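Trainee: The structure under discussion is supplied below as C-alpha cells; questions concerning it will follow.
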Amino acid sequence: MLQYITNSQHASVIAMDTHARTTTVRGISLATGEIKTKRFNDCPTPEDIAFWIQKKLPAPHYAAYESGCTGFYLSRV
C-alpha cells in the first residue's frame with residue numbers, strides 16, 4: 001500500500017481506532033496537509049464512518065484500522 005500512497009499527491013490516509021462502543025477516525029489529506037478527526041459514539045455503523053470519510057476527506061482513501069474484535073466487522077461490510 002505504501003507505493004500507492006507515495007505516488008498519489010491527491011489522496012487521504014485514514015486511521016481508525018475501534019472499541020466496543022466508539023470509533024475514532026483521523027485522516028490527513030496529502031494534497032493540503034489538513035487533518036480531520038471525528039469520534040463516533042454509540043456503536044457507529046460502517047456506513048456512518050464511510051459517509052463521514054467521503055464527506056470530509058478527498059479521494060482516493062487509504063484506510064487502516066485496529067483489527068480488534070470490533071474492527072473485523074468494519075472490514076466485512
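Trainee: Would you check if Asp42 is among the charged types (D, E, K, R), over 12 Å from Asp17 (Cβ atoms), touching a strand residue (DSSP E or B) at 6+ places or on another chain (Cβ under 7 Å) and at pLDDT below 95?
Mentor: no
Trainee: Oh, and also: Give the residue that is nearest to Ala20 (Cα to Cα), with candidates limited to residues of region 57-73 that are modelled with pLDDT under 80 and not in a loop (DSSP other than H, G, I, E, B).
Mentor: Gly71
The values are calculated or read from the model by the stated rules, or taken from the named source; none is laboratory data. Everything numeric in this text was worked out from a predicted model, so none of it was measured. Cβ sites come from the backbone with ideal geometry, for glycine too, and all protein chains shown count toward neighbours.
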